[in-house]
Amino acid sequence: MTDTKSGGRLSPLELMTKLISFPTVSRDTNLPLVDWVEDYLGSHGITAHRWPDPDQPHKAALFAHVGPEVEGAIVLSGHTDVVPVDGQPWDTDPWTVVEKDGRYYGRGTCDMKGYDALAIWALVEAHYAGVKRPLQLALSFDEEVGCTGAPPMIEAMQGVILKGASVIVGEPSNMKAVTGHKGGQGIYTHVVGFEVHSSIMHTGVSAILEAAKLISFATEKNAVNFAAEPTALGAMFDPPCTTWHVGMIEGGTAHNITAKDCKFAMDFRAVPGDDPDALVADYVARVREVEAGMQAVHPDTRIDLNIRFAVPPLRPEDGGEAEGIARAITGDNAGHVVSYGTEAGQFQAAGYSAVVCGPGDIAQAHQPNEFIEIAQFEAGHQFMRDLVARLM
Ligand SMILES: [Zn+2]
């Protein structure tokens, strides 16, 4: 590999290989990766800025600007974290890029260090090419745990570098221009009941039975939503409506004790057009109703709520620039939406035009033996060449 200290330019594959060698699972540090990217960009005369998370000193976001010092940059956005490999049957070392059968294997090849590598490559190219319109790089963390790293990074960017106009979020979309996705919110719910022997359960409060009332809320909402006529924006998705889900639950200590605690993870995925704040308010109203009933039986009971993540939907824009750029370069003019959340909705909420367009197939993300088709990686490379040419 080229010695970066001497200012050598690495190829996209060399960059991806380097990025994947850092095991940046969301729970762990991403600082070695951030240090390396900062050094690499610095070796090319590009100043990178980091946003260290004050609550998690082992994590930081990184962003950089090249080209003229004006507003209106195109922003290439990716996340540095990857999902764990624990318990997954990998045939090769997940932290080493292995080429086999027209594919590059490795954790993050698809989601999404392949794109991160292409974005870093494009930034260096744009810097040397002397582009007339600026290009920016934004690398976040904690995307895989609910897109919690991007919002503070986006805010920090606006105070440090000139505001960009359009963002291309390179989540794997097979290089299609994805213009809409659902939003999501996770509300960790802890029901605190009052323990008595179950033979006199009317004097206690079972956290499990009370939690069940709230879990029924999800079932009732789903029934209503699935029965309703989809909205125009909703009809683009499968399923065409906002959905509620409980993915985890725990509670109780014995069959004959009214449970003191029950904790569960209530999530929803909202179609664009359904206001996530209103959905949360709806759930909170039901929670307070159930809580009032509990406290009428025993005052030492309550329900605690903790918002774990909040990802705004990506709303298709009317003539949005980001979409226009992605379509012009890829030649893809069809409409695409996805049901998973990305940081694109967060950029859009902060006033950027945003589109999701990146190499690889989401079906390979998070899997053991994650890979990206070499043809997809090459298509991503061509996209970046064309993008840099458009900035000239
Ligand atoms: Zn991703």
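The values are calculated or read from the model by the stated rules, or taken from the named source; none is laboratory data. None of these values were measured; they are calculated from a predicted model. Positions of Cβ are generated from backbone atoms using ideal geometry, with glycine treated the same way; all protein chains shown enter the neighbour counts. Just so you know, the surface numbers come from the protein's heavy atoms only, side chains and all, with ligands and any DNA or RNA stripped out. Shrake-Rupley method; radii C 1.70, N 1.55, O 1.52, S 1.80 Å.
Going through the cross-link list LYS59/LYS100; LYS59/LYS113; LYS113/LYS176; LYS59/LYS163, which pairs have a Cα-Cα distance over 26 Å in this structure?
Flagged as over cut-off: LYS59/LYS100.
I'd like the orientation of helix 321-330 relative to the chain: the angle between its Cα long axis and the longest Cα principal axis, in ° from 0 to 90, rounded to 10.
Helix 321-330 sits at roughly 60 degrees to that axis.
From the backbone phi of the stretch 20-25, what are the Karplus-calculated ³J(HN,Hα) couplings (6.51 cos²θ - 1.76 cosθ + 1.60, θ = phi - 60°) in whole Hz, Gly and Pro given as x?
6, 5, 8, x, 8, 4
Rounded to the nearest 0.05, what FRET efficiency is calculated for LYS163 and ALA265 with R0 set to 35 Å and r the Cβ-Cβ distance?
Working: r = 36 Å, r/R0 = 1.02.
With a Förster radius of 35 Å, E is 0.45.
Set the Förster distance to 30 Å, then compute FRET efficiency between GLN295 and HIS366 from the Cβ-Cβ distance, nearest 0.05.
On the way: r = 42 Å, r/R0 = 1.39.
Efficiency at R0 = 30 Å is approximately 0.10.
At 0.36 nm per residue, and after removing the present C-alpha to C-alpha distance, how many nm does the segment from GLN88 to GLU229 gain when stretched out fully? Can you show the working numbers first?
Working: separation 141, 0.36 × 141 = 50.76 nm, distance 4.08 nm.
Gain on extension, GLN88 to GLU229, equals 46.7 nm.
Can you work out the accessible area per residue across the stretch 237-356, with the rest of the protein chains kept in place, probe 1.4 Å, in square angstrom? Spell out each step's value before the answer.
Values: 5510 Å² over 120 residues.
Per-residue value: 46 Å².
Give me the one-decimal nm value for the distance between modelled label points at ASP28 and THR219, 7 Å along each residue's Cα-to-Cβ direction.
Going from the ASP28 label point to the THR219 one covers 4.1 nm.
Amide H neighbours of ARG103 under 5 Å, counting only residues 5+ apart in sequence or on other chains, H built in-plane at 1.01 Å?
ILE374
State the percentage of accessible surface on the chain attributable to carbon and sulfur atoms; use a 1.4 Å probe and exclude ligands, DNA and RNA. Intermediate values should be presented prior to the final figure.
Details: 8560 of 16070 Å².
C and S fraction of accessible area: 53 percent.
What does DSSP give for the chain in terms of the percent of beta bridges that are antiparallel, rounded to the nearest 5? Don't skip to the end; give the middle numbers.
Values: 47 of 65 bridges.
Close to 70 percent.
Relative contact order for the chain using alpha-carbon pairs under 8 Å, separation at least 6, rounded to a whole percent? Each step should come with its number before you reach the end.
Values: 883 pairs, mean separation 93.2, N = 392.
The normalised contact order for the chain reaches 24 percent.
Could you calculate the contour length gain from SER339 to GLU378, that is, 0.36 nm times the residue separation minus the distance between their Cα atoms, to one decimal place in nm?
Here the answer is 11.4 nm.
Does anything in the stretch 265-307 have its amide N under 16 Å from the 7 Å Cα→Cβ label point of ILE200, and if so which residues?
Residues 297-299 qualify, since their backbone N sits under 16 Å from the label point.
Just by accessible area at a 1.4 angstrom probe, what is the order of VAL246, VAL356 from largest to smallest? All intermediate terms of the calculation are to be shown ahead of the outcome.
Numbers: VAL246 40, VAL356 0 Å².
Ranked list, largest accessible area first: VAL246, VAL356.
Give me the one-decimal nm value for the distance between modelled label points at GLU155 and ASP386, 7 Å along each residue's Cα-to-Cβ direction.
My value for the distance between the label points is 3.7 nm.
With everything on Cα atoms, drop me the angle between helix 276-297 and the longest principal axis of the chain, reported from 0 to 90° to the nearest 10.
30 degrees
How much net charge surrounds ALA117 when only the other residues with a Cβ under 10 Å from the Cβ of ALA117 are counted, with Lys and Arg +1 and Asp and Glu -1? Display every interim value, and only then the final one.
On the way: positive: LYS18, LYS113; negative: GLU14, ASP116.
Charge balance near ALA117 sits at 0.
Looking at MET248, ALA228, LEU209, which one has the Cα that reaches farthest to the positive end of the dipole of the stretch 209-278 (charges on Cβ: Lys, Arg +1; Asp, Glu -1)?
LEU209
What's the local net charge at VAL271, with K and R +1, D and E -1, over the other residues with C-beta under 12 Å away? Mind showing how you got there, number by number?
Numbers: positive: LYS182, ARG269, ARG315; negative: ASP238, ASP274, ASP275.
That sum, taken over residues with Cβ under 12 Å, equals 0.
Once you list every other residue whose beta carbon is under 12 Å from the beta carbon of GLU220, what net charge do they have if Lys and Arg are +1 and Asp and Glu are -1?
Values: positive: LYS213, LYS221, ARG286; negative: ASP282.
The answer is +2.
In whole Hz and in residue order, list the ³J(HN,Hα) couplings for the stretch 51-65 that follow from phi through the Karplus curve 6.51 cos²θ - 1.76 cosθ + 1.60, θ = phi - 60°; x for Gly and Pro.
For the stretch 51-65, the Karplus-derived couplings read 10, x, 6, x, 8, 9, x, 8, 9, 8, 9, 9, 9, 7, 10 Hz, x marking Gly and Pro.
With every protein chain left in place, what is the accessible area per residue of the stretch 104-232 in square angstrom, probe 1.4 Å?
33 Å²
Calculate one ³J(HN,Hα) per residue across the stretch 216-222 by plugging θ = phi - 60° into the Karplus curve 6.51 cos²θ - 1.76 cosθ + 1.60, and present them in order as whole Hz with x for glycine and proline.
4, 3, 4, 5, 5, 4, 4
So if I place +1 on the C-beta of Lys and Arg and -1 on the C-beta of Asp and Glu, and nothing else carries charge, what would the dipole magnitude of the chain be about its Cα centre? I want it in debye, nearest 20. Could you put the intermediate results ahead of the total?
Working: 28 positive and 51 negative charges, 65 e Å.
Taking the Cα centre of the chain as origin, the dipole is about 320 debye.
Calculate how steeply helix 150-160 sits against the longest principal axis of the alpha-carbon atoms of the chain, using the helix alpha-carbon long axis, and give the answer as 0 to 90 degrees to the nearest 10.
Between helix and principal axis, roughly 50 degrees.
May I ask you to derive the FRET efficiency for ALA328 and ASP101 from their Cβ-Cβ distance with R0 = 25 Å, giving the value to the nearest 0.05?
Working from the Cβ atoms, E equals 0.15.
DSSP loop (so not H, G, I, E, B), at most 14 other Cβ within 10 Å: list which trypsin sites (Lys or Arg not before Pro) in the stretch 167-261 pass both filters. Display every interim value, and only then the final one.
Numbers: sites: LYS176, LYS182, LYS213, LYS221, LYS260; in loops: LYS176, LYS182, LYS260.
Here no loop site has a sparse enough neighbourhood.
Loop only by DSSP, 12 or fewer other Cβ within 10 Å of the Cβ. Give me the trypsin sites (Lys or Arg not before Pro) in the stretch 82-148 that pass, ordered by residue number. Write out the running numbers ahead of the final one.
On the way: sites: LYS100, ARG103, ARG107, LYS113, LYS132; in loops: ARG107, LYS132.
The qualifying sites are LYS132.
Check cross-link reach from LYS263 to the lysines: straight Cα distance under 24 Å, and skip same-chain residues fewer than eight apart.
LYS213, LYS221
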